[in-house]
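So the structure is just underneath, and the comments pick up after that.
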Amino acid sequence: FLVLLNNLFAQDKLLAPTPPMGWMSWNFFADNINEKELKKMADAMVSSGMAKAGYNYIFIDDGWQGGRDNKNNMIADPVKFPSGIKALSKYMHDRGLKLGIYSDAAQLTCAGYTASLGFEEQDAKTFASWDIDYLKYDYCHAPPDSNTAKIRYKAMGDALKKSGREIIYGVCEWGERQPWYWAANTGGQLWRTTHDVRDKWKMRLTETWGMGILDILDINVKLHEYAGPGRWNDADMLIAGLYGKKGPTGDGGGTGCTDAEYQSQFSLWAMMNSPLYASNDLRNMNDATKKILLNDEVIALNQDALGKQAIKKISDSVWNVFVKPLANGDIAVAVLNRSNMLQTCNINFSELGLNDKYEIRDLWLHQIIGKGKKWKGTVLPHETKIFRLKITGKP
Ligand code: GLA
């Protein structure tokens, strides 16, 4: 009876109890997408082991739209998507995958395609009728004030709730109006916190829009208290494996990163519970990229049931050290070398407020590297080490 009562009064079931994972089309294809390529990407997601590792969404980004029909229903571009979106979502679902789609809270999207302002209910119903599982809702061509943003995001959030299908709602106004305070109230399960990621470590002073890994980290890490199961800070796409590819991430000086930098982004995004959206060509991944994206022990931090975003405990010009408690009582500790030189780190876990004795597992080496209360070792420039600490004894 208690269980029944509990179910009756249970809050809305969480749509995103852990951060969504998958592959997003924008960085690799920009708006040159079509059903053939997206199906190939889905096949590669399965054959590469990505799907098994937890990446279960194909997120269609901007560029799929073909306008509206004579009843104002949104339609897909008939040349890019001759079989239609519903057939594509069936293709995904048949393979155990899910499908995300994209629109914008104005008349036009960022890339200039038909968007949803004034058609929220109709478009949400259309997405539901196509068996869509996720909507990324962008904010180009909309007025800058927060009130309008809240109203427009709520209109689509409400429409999705009424659509008859569970559709995860990703708010994408780039953190400009502090969505961590209000996006959940509009129905969002996640919200972008920054401008778009570029394929670079750090912005230069002359650059204004688009951000490097470190720039995004420094904004997103401060927002830990707003994240938790069903509500996530979205630090934008993973750029591992892009290696300076031209296109969206090539803008603003995005000439590519080192594998240590890509590994760092993945480690830090996992620690911060950001959604994990790969955006490289899954059909042609080298071993370094696979090793990063398929690190199941790092993915497990991101998908941990406790849903606690890491907190930065040490911050100086060389070291950033992050701590993330986990559901089984273990603690994840990430050590980032921000400097341009190899550095030796000598850390006492008590400096992080961790006063027990631990067994220390290196999640990049995939092995237990010691026991005790401290770690000493070298870290490459821009590399992030991650340790999973298991309590073995009290102080
Ligand atoms: C904005 C978003 C990106 C991408 C593009 C598509 O820039 O922030 O993530 O969706 O629009 O046009």
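Let me check the size of the chain from its C-alpha atoms; what are the radius of gyration and Dmax in Å?
Both quantities, over Cα of the chain: 21.1, 72 Å.
Determine the share of the range 77-127's accessible area contributed by carbon and sulfur atoms, expressed in whole percent, with a 1.4 angstrom probe.
Of all accessible area on the range 77-127, carbon and sulfur atoms account for 56 percent.
Where nothing but the Cβ of Lys and Arg (+1) and of Asp and Glu (-1) is charged, how large is the charge dipole of the chain around its Cα centre, in debye to the nearest 20?
With only Lys, Arg, Asp and Glu charged at Cβ, the dipole is about 960 debye.
Which one of Leu238, Tyr139, Gly54 has its Cα pushed farthest toward the positive end of the charge dipole of the chain, where Lys and Arg give +1 and Asp and Glu give -1 at the Cβ?
Checked the options; the winner is Gly54.
Ordering Lys200, Lys374 by how much accessible area each has at a 1.4 Å probe, largest first, what is the list?
Lys374, Lys200
May I ask for the Kirkwood hydrodynamic radius of the range 190-341, worked out over all distinct Cα pairs and given in angstroms to one decimal?
Value: 15.6 Å, from the Cα pair sum.
When only alpha-carbon atoms count, how far does the range 95-206 stretch along each of its three principal axes, as whole angstroms with the largest first?
Between the extreme Cα coordinates on each principal axis of the range 95-206 lie 47, 38, 28 Å.
Work the Kirkwood hydrodynamic radius out for the range 300-389: mean of 1/r over every pair of different alpha-carbon atoms, inverted, in Å.
About 13.3 Å for the range 300-389.
Taking only the alpha-carbon atoms of the range 1-152, what semi-axes of the equivalent ellipsoid follow from 5 times the gyration tensor eigenvalues under a square root, in whole Å, largest first?
Whole-Å semi-axes of the equivalent ellipsoid: 26, 24, 15.
Could you tell me the center-to-center distance, by alpha carbons, between the range 95-159 and the range 268-301 in angstrom?
Using only Cα atoms to place each centre, the spacing works out to 27 Å.
Solvent-accessible area of Arg204, probe 1.4 Å, all protein chains present, reported in Å² to the nearest ten, please.
For Arg204, the solvent-accessible surface is approximately 140 Å².
Counting only heavy atoms of the protein chains, get the accessible area per residue of the range 224-363 (1.4 Å probe) and round it to a whole Å² value.
35
With labels modelled as points extended 7 Å from the Cα through the Cβ direction, what inter-label distance (nm, one decimal) is found for Asp69 paired with Ser315?
5.2
Take the chain, mark every one of the chymotrypsin sites (Phe, Trp or Tyr not before Pro) that falls in a DSSP loop and has at most 11 other Cβ within 10 Å, then report the longest stretch left between them, sites excluded.
Looking at the chain, 2-208 is the longest stretch - no exposed chymotrypsin sites (Phe, Trp or Tyr not before Pro) with at most 11 other Cβ atoms within 10 Å.
What accessible surface, in Å², does a 1.4 Å probe find on Met203, ignoring ligands, DNA and RNA and rounding to the nearest 10?
40
Once the Cβ-Cβ distance between Gln122 and Arg283 is put in as r, and R0 is 35 Å, what FRET efficiency do you end up with, to the nearest 0.05?
Result of the calculation: an efficiency of 0.50.
Given 4 °C and 1.567 mPa s, compute D for the range 238-289 with the Stokes-Einstein relation, Rh being the Kirkwood radius over Cα pairs; round to the nearest whole µm²/s.
Translational D for this selection: 113 µm²/s.
For a 30 Å ceiling on Cα separation, which of these pairs sit above it: Lys80/Lys245; Lys71/Lys136; Lys52/Lys154?
Violating the 30 Å limit, Cα to Cα: Lys52/Lys154.
Place a point 7 Å from Cα of Asn346 in the direction of its Cβ. Which residues in the range 312-339 have their backbone N less than 16 Å from it?
319
For the chain, what is the relative contact order in percent, using Cα pairs closer than 8 Å and at least 6 residues apart in sequence?
After rounding, I find 13 percent.
Taking all protein chains as present, what is the carbon and sulfur share of the accessible area of the range 274-339, in % to the nearest whole number, probe 1.4 Å?
It is 50 percent, rounded to a whole number.
The values are calculated or read from the model by the stated rules, or taken from the named source; none is laboratory data. Everything quoted here is computed from the prediction, not taken from an experiment. Glycine also receives a Cβ, built like all others from the backbone with ideal geometry; neighbour counts cover every protein chain displayed. Areas reflect the complete protein model, heavy atoms only, side chains present, ligands, DNA and RNA absent. Shrake-Rupley method; radii C 1.70, N 1.55, O 1.52, S 1.80 Å.
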